[in-house]
Amino acid sequence: MASVAAPAPPSNQHPIKGVQPLRAGEGNSFVLRRLHSLTGIVPIGAFLVEHIISNIEIVHGPLAYAQQVKFLNGLPLVRVLEWAFIFIPLAFHALYGVYIAIKGRPNVNVYPWAGNWMYLSQRVTGILALAYIIQHLYFQRFTGVSLPEHPGLAYWKVQYELSNPLMVAVYVIGMVVTCWHFAYGVWLFAAKWGITPGDRARKKFGWVCGVFGTVLCAAGLWSIIAIVNAPAVPFEDVMPAQQPGVMAPTVPVQNESQQQPPLTQQQ
Amino acid sequence: MAETKVAPKTIRVEVKRQATPETAAFVEKFEFPYRSGMNITSLLGEIAMAPVTTEGKQTTAVTYDSNCLEEICGSCAMLITGKARMACSALVDKLMAETKDGVISLAPLTKFPVVRDLAVDRSVLFENLKKVQAWVPIDGSYDLGPGPRQFPQIQEERYPLSNCISCTICMEVCPQFNEATGFVGAATIAQAKLFNMDPAGAVLKEERLRALAGDGGIQECGFAQNCVQACPKQLPLTEAISDMGRDVFVQQVKDFFAR
Amino acid sequence: MAAVPKIIVVGGGLAGLSSVIKIAEAGGKVDLFSIVPVKRSHSVCAQGGINAAKNLKGEGDDVFKHFDDTIYGGDFLANQTPVKNMTAQGPAIIDLLDRMGVPFNRTPEGLLDFRRFGGTLYHRTAFAGATTGQQLLYALDEQVRRFESEGKVQKYEGWEFLSAVLDEAGVCRGICAMDLRTMEVKTFHADAIIICTGGNGAIFGKSTNSVVCTGSAASALYQQGAYYSNGEFIQVHPTAIPGEDKLRLMSESARGEGGRVWVPRKKGDPRPAKTISEADRFYFLEEWYPKYGNLVPRDIATRAIHRIVYQEDLGIDGQPMVYLDVSHIDRETLEKKIEGILEIYEKFVGDDPHEVPMKIFPGVHYTMGGLWVDFNQMTNIPGVFAAGESDYSIHGANRLGANSLLSCIYGGFVAGPQAMLYAKNLPAQKGDGGAAKEEVRQREFNNILLQNEGTENPFKLWRELGDTMTRHATIIRYNAGLREADEKIVDLLARYRNINLSDKSAWANTSFAFARQLYNMLQLARVIVQGAEKRDESRGAHYKPDFTERNDEKFLKTTMGSYDPIADAPVITYEEVDTQWITPRPRRYDASA
């Protein structure tokens, strides 16, 4: 060899195989991830709470439930609200959530620790909730009797759906996984956004979220039980569309009046 | 205590081996006369002195990373009975009690490219430390007088983070640290916090926060909290992630409106 | 000479990183070679702290007192001028580390806190918890990583230094190194090189040192003509936890809090410690030294334990171990005072020291000797500098606690700029500067090693070396034993030629790399035992029962070990010690002995 060999690139200068280093300051996954986290709380989580509270009206019978449905559908720009604050955020949260879930490599088989189980549960409940919501929207919102147009049939539609024991199971599971996903999502939100940095704060907030999720789930299950156990209602609109100038009854109809011909016949 | 129990006659080990990064992995079994008080690194030393498998096949000494052997240099992380831990502080007596059949299995970490046998390439961590500028950018090494005063409370918060030995166990056990996410891992996030907390290191605070918002950054954390469970030095990793998550977000908001 | 000097630093511990920082800062080009990623270097193991006479406790401490303590502690064997310079720079070095973000412990006012350490009366030791070495190494590692990201430093981690490239005039022109993955041998040009490869604990088999502390690089240079000085001065720490793979330090505070050292009176008593009655226990320190009992000074405790094990043959289960018992102390006291160190014991031994006596033994801890360097840290080979534990300066015959971290950084801070200065004035090399020749020499060595069809396992040879060295060349030394050790090493070197590597592959072959280091360990071991054999006195860590006094007339001299390639043996000569600042006086810390 005539001269000293040129220094070879050191071994640590070779392109790194395996997991790549941080792409510092590049990309927009931070915004998307934070948006994903946020949409889970607001508006989706908020809507979930509203939905479960609204469902409690089931306990008060078909008319009360119908009024609640009608009230919601009577909000100004309701279709815009529905798309902007429910469907689009939900679709984003769901799709991006699935994307996140498939990128994870759960390892509870090796490290069976509580937090790791919760990590897995958040992904499993998310996917189950998504499946539930898709069927729920399909059957309850986009097919069958249109409830925005016929809020009076809401009670019947739900009760009819739940007359199938299989669907009861689907709804119960759906309720549990959705509430679980939401409650733990709130906890995760607080942890990741630095609201509960300390171990103790996270532990305490864990209790808060646990109680919150349990109450929410109980409320949801209560309305399911109520409608399943209630006497079956016939297919009739308890609150038909109003003719111009016709006032809706302001007090619930008396017991005997339930035997009267349904109002729909007046149409 | 070992004296009171009936001591096993032999120590049985199964080592997952791989000659080069490209070749297939295989398992070799070894058996040694039992001695109490052994750890995994001494067991690997026994293999080096008599590299013969249980079947009597002559083989080679096992390649693995090690240096200090007292859990401070961070070299010897590997999978021991399936779990990521430091070989130097993994005691054979405890491991034999932990496994059902008493056989101790050794394998390389799974999230890093295998170099040979139990040695893996963990340079991604050091690259990540560059990306977050985990240093204090001093003016120079000449005598410029004492550093800024620091209350003991700051030291007490920084010191545990500064105990990170770069063993990468927090990354290995993290379900989010993988090739699909390219997650930076807890260790680097904790180091970013360490330097953001230093009165002089804070001059690069905003740059570190912006770096951590990049792809593979802090947002990839799924809060499985395995890191903090597995960390051999008990670093407050989840707390660091939480704190930095907030700081990164605030920085992003500031940057968004300042744009 | 090229406008930008090119310096190679070998070793990424405190000394190596501090020299890299100085060179990069001065605009030089640095290649940093290290066997392990530099953040995993042995400097991480230092626990106690770093000395500097900052006098922040109103005690009237000053740098001269630090200088005097260091010289006195080193039993006057160190050249005084570099020690004087080091202690003078101490406060500035602490300030710099502080500015680098080292999490030093603080006073309530936010200033650096200092603790007291052995061998001084002053609070002079700055510390970061119980992991000061780790914290300092990380601070320097971070600075170097910063330079690396700016393209000023090129790291070669996973490369092992094999030898210096020397031109026909014997001037260093670079290094020959081996990639520990591809096993490729390559030469790298440099105008000067700095060796910061630490101590040689591995020569003693098990020590408190890390796996890479083999002394291999220093030995290679010694075989190329560098002087290896004061090799016989090896610090042994009295209380280490014997492990199957290494020795781990057990702080002396265990004895300070009432721990008692004992062995069973009956040789090889098989009973568990707790079942042995008081009458059957031999509290030898208390019996031999009734005045000080278990708190006799370090060297006396070390020698007593050595005597129990090797002369009285009373080690536990016939092993070189004695009990350090704190199990009689109530749990509350232990938890308040020494919980941290007891946890270390439990972690690595698996026994609970609250319940069972700890098993301890003195452990080889620090290499005071090393490559001879002038006051500018340059060895006698032009262009080869050395710093840190791998050079012999500063600590003389015995190192004071918490001085090692300072000496590493000081050495690097001198060697870096001096290497730059040297390189700027270096005439250009002729041809390849001897690179091709050196590469061929190393490849030939490798080929012989790989193709050898002998019967000897290098790890077994190493164990025999360690046993011999520990038995004859550590705590208590007899000339007959040292001669026996030298013969044994010669025998091992002969057997080395009959080596057979179980692994002949050319990828990440650790047995092969180790076998190369082993050869250098064997060569260096001879310097240690011959230096010890010829030094007929007791000084610092070197103790001979046949010559119990210090003999300044004959041996206030630096041992100079040089390699005779024809005889394949060391030649021991002596050099005067620089004592211009402090007149040697007897070294006595106590009146017990």
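In this structure, does A:Gly104 turn out to be of a type outside the set (Lys, Arg), within 14 Å of chain B (Cβ to nearest Cβ) and closer than 20 Å to A:Ile52 by Cβ?
So A:Gly104 does not fit the description; no.
Check whether at least one residue in region C:469-488 is within 14 Å of chain B (Cβ to nearest Cβ) and either at negative phi or in a helix (DSSP H, G or I) (or both), and report yes or no. Before the answer, list the steps.
Step one: list which residues in region C:469-488 are within 14 Å of chain B (Cβ to nearest Cβ), which gives none.
Checked region C:469-488: no residue is within 14 Å of chain B (Cβ to nearest Cβ) and either at negative phi or in a helix (DSSP H, G or I) (or both).
Taking C:Ala78, is it modelled with pLDDT of 95 or more, assigned by TED's automatic domain parsing to the domain that holds C:Lys152 and of a type in the set (A, V, I, L, M)?
For C:Ala78, the condition - modelled with pLDDT of 95 or more, assigned by TED's automatic domain parsing to the domain that holds C:Lys152 and of a type in the set (A, V, I, L, M) - is met.
Right, A:Ala114: at the interface with another protein chain (Cβ under 10 Å from one of its Cβ atoms), loosely packed, with under 15 Cβ neighbours inside 10 Å and either aliphatic (A, V, I, L, M) or in contact (Cβ under 8 Å) with a residue 40 or more places away in the chain (or both) or not?
Against the criterion (at the interface with another protein chain (Cβ under 10 Å from one of its Cβ atoms), loosely packed, with under 15 Cβ neighbours inside 10 Å and either aliphatic (A, V, I, L, M) or in contact (Cβ under 8 Å) with a residue 40 or more places away in the chain (or both)), A:Ala114 qualifies.
Against the definition (among the hydroxyl-bearing types (Ser, Thr, Tyr), surrounded by fewer than 18 Cβ atoms within 10 Å (Cβ to Cβ) and within 14 Å of chain B (Cβ to nearest Cβ)), how does C:Thr275 come out, yes or no?
Taking the combined requirement at face value, the residue satisfies it.
Collect the residues in region C:6-35 that are of a type in the set (A, V, I, L, M, F, W, C) and in a helix (DSSP H, G or I), keeping them in residue-number order.
Residues satisfying the conditions are C:Leu14, C:Ala15, C:Leu17, C:Val20, C:Ile21, C:Ile23, C:Ala24.
Which one of these is under 18 Å from B:Ala107 (Cβ atoms), in a loop (DSSP other than H, G, I, E, B) and in contact (Cβ under 8 Å) with a residue 12 or more places away in the chain: B:Thr41, B:Thr60, B:Thr54?
Numbers: B:Thr41 fails: in a loop (DSSP other than H, G, I, E, B); B:Thr60 fails: in contact (Cβ under 8 Å) with a residue 12 or more places away in the chain.
Unique residue meeting the criteria: B:Thr54.
Using the structure shown, decide if C:Leu56 is over 18 Å from the mean Cα position of the chain (by Cα), within 14 Å of chain B (Cβ to nearest Cβ) and closer than 20 Å to B:Gly140 by Cα.
Details: over 18 Å from the mean Cα position of the chain (by Cα): yes; within 14 Å of chain B (Cβ to nearest Cβ): yes; closer than 20 Å to B:Gly140 by Cα: no.
Criteria not met by C:Leu56.
Out of region B:230-259, which residues are part of a loop (DSSP other than H, G, I, E, B) and among the hydrophobic types (A, V, I, L, M, F, W, C)? Before the answer, list the steps.
Within region B:230-259, the subset part of a loop (DSSP other than H, G, I, E, B) is B:231-236, B:259.
Answer for region B:230-259, where residues must be part of a loop (DSSP other than H, G, I, E, B) and among the hydrophobic types (A, V, I, L, M, F, W, C): B:Cys231, B:Leu235.
Please go through region C:108-120 and pick out each residue that is in contact (Cβ under 8 Å) with a residue 12 or more places away in the chain and not in a strand (DSSP E or B).
C:Leu111, C:Asp113, C:Phe117, C:Gly118, C:Gly119, C:Thr120
Would you pick out the residues in region B:126-157 that are hydrophobic (A, V, I, L, M, F, W, C) and either more than 9 Å from chain C (Cβ to nearest Cβ) or more than 15 Å from the chain's Cα centre (by Cα) (or both)?
B:Val132, B:Ala134, B:Trp135, B:Val136, B:Ile138, B:Leu144, B:Phe151, B:Ile154
Can you tell me which condition B:Asp101 does not meet? The list is (1) more than 11 Å from chain C (Cβ to nearest Cβ); (2) surrounded by 14 or more Cβ atoms within 10 Å (Cβ to Cβ), and all the others hold.
(2) is the only condition that B:Asp101 fails.
Name the residues in region C:36-51 that are at positive phi and either part of a helix (DSSP H, G or I) or modelled with pLDDT of 95 or more (or both), would you?
none
To keep it simple, each residue is scored yes or no on (1) within 22 Å of B:Ile241 (Cα to Cα); (2) in the same structural domain as B:Val228 (by TED's automatic domain parsing); (3) in contact with a Lys or Arg (Cβ under 9 Å, 6 or more places away or on another chain); (4) among the aromatic types (Phe, Trp, Tyr).
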| residue | (1), (2), (3), (4) |
| --- | --- |
| B:Ser105 | no, no, yes, no |
| B:Asp143 | no, no, no, no |
| B:Asn163 | yes, yes, yes, no |
| B:Ala192 | yes, yes, yes, no |
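B:Phe177: out of contact with any His (no Cβ under 8 Å at 6 or more places or on another chain) and either among the hydroxyl-bearing types (Ser, Thr, Tyr) or outside the structural domain of B:Glu22 (by TED's automatic domain parsing) (or both), yes or no?
Yes, satisfied.
Residues of region B:112-122 being facing another protein chain (nearest Cβ under 7 Å) and surrounded by 22 or more Cβ atoms within 10 Å (Cβ to Cβ), which ones?
The answer is B:Phe112, B:Val115, B:Arg116, B:Ala119.
For the structure I just gave you, tell me whether C:Gln89 is surrounded by fewer than 24 Cβ atoms within 10 Å (Cβ to Cβ), at the interface with chain B (Cβ under 10 Å from one of its Cβ atoms) and assigned to a loop (DSSP other than H, G, I, E, B). Full working, then the answer.
Values: surrounded by fewer than 24 Cβ atoms within 10 Å (Cβ to Cβ): yes; at the interface with chain B (Cβ under 10 Å from one of its Cβ atoms): yes; assigned to a loop (DSSP other than H, G, I, E, B): no.
Criteria not met by C:Gln89.
From the list C:Ile23, C:Ile8, which residue is within 14 Å of chain B (Cβ to nearest Cβ), buried (at least 24 other Cβ atoms within 10 Å of the Cβ), of a type in the set (A, V, I, L, M, F, W, C) and within 25 Å of C:Glu148 (Cα to Cα)?
C:Ile23
Take the residues in region B:12-58 that are basic (Lys, Arg) and out of contact with any Ser or Thr (no Cβ under 6 Å at 6 or more places or on another chain), then tell me which one is nearest to the other protein chains (Cβ to nearest Cβ).
B:Arg35
Looking at this structure, is B:Ala24 modelled with pLDDT of 95 or more, within 26 Å of C:Leu247 (Cβ to Cβ) and among the small types (Gly, Ala, Ser)?
No: the conditions fail for B:Ala24.
So C:Val102 ticks every box in (1) closer than 20 Å to C:Ala387 by Cβ; (2) in a helix (DSSP H, G or I) but one. Which box is left unticked?
(2)
Taking B:Met78 as meeting all but one of (1) at the interface with another protein chain (Cβ under 7 Å from one of its Cβ atoms); (2) in contact with an Asp or Glu (Cβ under 9 Å, 6 or more places away or on another chain); (3) buried (at least 24 other Cβ atoms within 10 Å of the Cβ); (4) hydrophobic (A, V, I, L, M, F, W, C), write down the number of the exception.
(1)
Counting only residues that are out of contact with any Phe, Trp or Tyr (no Cβ under 8 Å at 6 or more places or on another chain) and aliphatic (A, V, I, L, M), which one in region C:166-198 is surrounded by the most Cβ atoms within 10 Å (Cβ to Cβ)?
C:Ala190
Residues that are crowded, with 23+ Cβ neighbours inside 10 Å and facing chain A (nearest Cβ under 8 Å): which helices (runs of 4 or more DSSP H) entirely in region B:158-212 hold 2 or more of them? Give the derivation first.
Numbers: elements: B:169-172, B:186-197, B:205-212.
It comes to B:205-212.
Can you tell me which residues in region C:92-119 are in contact with a Lys or Arg (Cβ under 8 Å, 6 or more places away or on another chain), more than 7 Å from chain B (Cβ to nearest Cβ) and buried (at least 22 other Cβ atoms within 10 Å of the Cβ)?
Listed by number, the residues that qualify are C:Ile94, C:Leu112, C:Phe114.
When the residues of region C:121-151 are filtered to those that are part of a loop (DSSP other than H, G, I, E, B) and among the hydroxyl-bearing types (Ser, Thr, Tyr), which remaining residue is nearest to C:Gly90 (Cα to Cα)?
Here the residue is C:Tyr122.
So which strands (runs of 3 or more DSSP E) stay within region C:214-304 end to end and still have 2 or more residues that are closer than 28 Å to C:Leu465 by Cβ?
Hits in region C:214-304: C:234-242, C:247-249.
The values are calculated or read from the model by the stated rules, or taken from the named source; none is laboratory data. From a predicted model like this one, the values you see are computed outputs, not experimental measurements. Methodologically, a virtual Cβ is constructed for each residue, glycine included, from the backbone with ideal geometry; neighbour enumeration extends over all protein chains shown.
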